[in-house]
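The values are calculated or read from the model by the stated rules, or taken from the named source; none is laboratory data. Just so it is clear, the structure is predicted and the values come from calculations on it, not from any experiment. Note that we place each Cβ from the backbone using ideal geometry, even for glycine, and neighbour counts take in every protein chain shown.
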Amino acid sequence: MADKRVLLIVGGGIAAYKALELTRLLRKAGVGVRPILTAAGAQFVTPLSLSALAEDKVYSELFSLTDEAEMGHIELSRSADLVVVAPATADLMAKAANGLAGDLASTALLATDKPVLMAPAMNVRMWNHPATRRNLALLKADGVLFVGPDEGAMACGEYGPGRMAEPPAILEAILAALGGDARPLTGRRAIVTAGPTAEPIDPVRLITNRSSGKQGYAIAGALAALGADVTLVSGPTALAAPSGVKRVEVETARQMLAACEAALPADIAVCVAAVADWRPEAEGDRKIKKGPEGPPPIRLVENPDILATLSKSDRRPKLVVGFAAETNDVDDHARAKLAKKGCDWIVANDVSIEGTMGGDDNAIAIVTAGGIERWDRLPKGEVARRLAERMAEELRK
Ligand code: CTP
């Protein structure tokens, strides 16, 4: 990507702060960034921050004598391989859809001969307004590419579609548009544990945990979609293996650990499985019968901790991620788990929220040594996609 360059138009919206992070990610990916900051955008981020991160000058005025002397605005609009508008406000979308050219940003959009990618960001009512719907349809018909918007809580206090896509998702869309590395995990190996384990009491009875396996399977699929070579070590579930993933089916925690160790070395390990903490000490090879002596005592012994074992292994993957399903004091428990298990991230979720266990949505928080980052409630597939992107980003560091 070293020879690629984007013209980044930063519009005026609260999401403009994310344009700074996007600039940082682009530079890290080796993409050149030439920023245009609209007058409204400059209300939210300073030209100095943008310029420092972009390592280039910031253009803002249409009729700037100095800028025109160095590079005319027509040339500026064509100086990049891709024009990115982030945030793309309702105003910028309307101008671009209708060919207005009253300022530098809209002029660049009208004058460019390069593909354009927009990351819309606006209030949900503005996004749903028929005028924006019309402009979106016009822009799509003109070949403009879009990433987002996401659905979620907005800075204005409302909820719905209109939040700008997160910088890693915009980066991925930019790299894809530049024809580059949309599969940043190519050549990387990942191990994902998923589903419950089943610990036999006798040939017909077992101890198990509640787990649909959906989140782990979605993560395995998302890592594979980014190019990783994924081994999914799965306890019993009703799910089909995601495409491109090698699934190893196991029942007990000990089998799960052995399958994970056999899949080493790996760059990433993600332990999503709901491993039974204990197993019956002795598994009888005969069915225990009811009898006059009443219910049989079952002595439990502790299972190996797969996450902790992988974290402490001398073949430790670079990034080890654990999950914590908690019903109370989520942050404290997650922080304690991070330390106890020796992993890099704990992805915490509050399973006391109705519909999380076995459901299709998940609201998570990523707990690292550096702090806690909370995500809004999202479909498990989207959580997986974003986590996979974050993991790819982590490996790039
Ligand atoms: N885990 C594991 N092996 C185990 C137990 C847990 O790999 N034997 C992993 C899970 O896959 C998850 C993380 O550890 O990523 C947290 O599991 P959890 O059962 O919530 O944590 P525990 O340490 O068992 O703590 P507690 O049961 O007290 O909440």
Check your understanding: Can you name every residue in segment 176-212 that is of a type in the set (Gly, Ala, Ser) and either over 22 Å from Thr309 (Cβ atoms) or at pLDDT below 95 (or both)?
Key -> Ala176, Ala177, Gly179, Gly180, Ala182, Gly187, Ser211, Ser212
**Study point:** Residues within segment 124-152 that are part of a loop (DSSP other than H, G, I, E, B) and either closer than 17 Å to Val84 by Cα or among the small types (Gly, Ala, Ser) (or both), tallied
**Key:** 6
Practice item. State whether one or more residues within segment 257-271 are farther than 24 Å from Ala225 by Cα and in contact (Cβ under 8 Å) with a residue 24 or more places away in the chain. Key: yes
Review point. Can you tell me how many residues in segment 329-374 are β-branched (Val, Ile, Thr) and out of contact with any Leu (no Cβ under 9 Å at 6 or more places or on another chain)?
Key: 5
Study note, to complete from the structure: Across segment 155-184, the tally of residues that are without any contact (Cβ under 8 Å) to a residue 60 or more places away in the chain and among the charged types (D, E, K, R) stands at 2
Practice item. Kindly establish whether Asn128 is surrounded by fewer than 17 Cβ atoms within 10 Å (Cβ to Cβ) and either under 30 Å from Ala94 (Cβ atoms) or without any contact (Cβ under 8 Å) to a residue 60 or more places away in the chain (or both). Key: yes
Practice item. Kindly establish whether Ile268 is under 24 Å from the mean Cα position of the chain (by Cα), in the same structural domain as Ile207 (by TED's automatic domain parsing) and at negative phi. Key: yes
Practice item. Residue by residue through segment 131-147, note down the ones that are within 11 Å of Ala90 (Cα to Cα) and of a type in the set (Gly, Ala, Ser). Key: Ala131
Practice item. Could you please give the count of residues in segment 370-397 that are acidic (Asp, Glu) and more than 28 Å from Gly30 (Cα to Cα)? Key: 1
Practice item. State whether one or more residues within segment 91-111 are touching a residue at least 60 places away in the same chain (Cβ under 8 Å) and closer than 20 Å to Pro167 by Cα. Key: yes
Exercise for review: Among the strands (runs of 3 or more DSSP E) lying completely within segment 298-357, list those that include at least 3 residues that are within 10 Å of the ligand (Cβ to nearest atom) and in contact with a strand residue (DSSP E or B) (Cβ under 6 Å, 6 or more places away or on another chain).
Suggested key: 319-326, 345-350
Exercise for review: Determine, yes or no, whether Glu21 is farther than 20 Å from Val144 by Cα, in a helix (DSSP H, G or I) and touching a residue at least 40 places away in the same chain (Cβ under 8 Å).
Suggested key: yes
Review point. Are any residues in segment 153-192 in a strand (DSSP E or B) and in contact with an Asp or Glu (Cβ under 9 Å, 6 or more places away or on another chain), and if so, which ones?
Key: Ala153, Tyr159, Gly160, Pro161, Gly162, Arg163, Arg189, Ala190
Check your understanding: Restricting the first residue to segment 324-341 and requiring it to be at pLDDT below 85, which pairs with a second residue that is within 9 Å of the ligand (Cβ to nearest atom) meet a Cβ separation below 6 Å and a spacing of at least six or different chains?
Key -> Glu326/His333
Review point. Does segment 239-273 hold any residues that are farther than 25 Å from Asn362 by Cβ and not in a helix (DSSP H, G or I), and which are they?
Key: Glu251, Thr252, Leu264, Pro265
Check your understanding: Here are some residues: Leu139, Leu104. Which one is farther than 30 Å from Ala384 by Cβ and either of a type in the set (A, V, I, L, M, F, W, C) or under 27 Å from the mean Cα position of the chain (by Cα) (or both)?
Key -> Leu104
Point to revise | Ile372 vs. criteria free of Cβ contacts under 8 Å to residues at least 40 places away in the same chain and either outside any strand (DSSP E or B) or among the β-branched types (Val, Ile, Thr) (or both) | key: no
Check your understanding: Right, Asn349: among the polar types (S, T, N, Q) and either surrounded by 14 or more Cβ atoms within 10 Å (Cβ to Cβ) or assigned by TED's automatic domain parsing to the domain that holds Ala165 (or both) or not?
Key -> yes
Review point. Restricting to segment 274-287, what's the tally of residues that are touching a residue at least 24 places away in the same chain (Cβ under 8 Å), more than 12 Å from the ligand (Cβ to nearest atom) and not in a strand (DSSP E or B)?
Key: 5
Review point. Which of the following residues is in the same structural domain as Pro87 (by TED's automatic domain parsing), among the small types (Gly, Ala, Ser), on the phi < 0 side of the Ramachandran plot and crowded, with 16+ Cβ neighbours inside 10 Å: Ala155, Ala173, Ala141, Ala137?
Key: Ala173
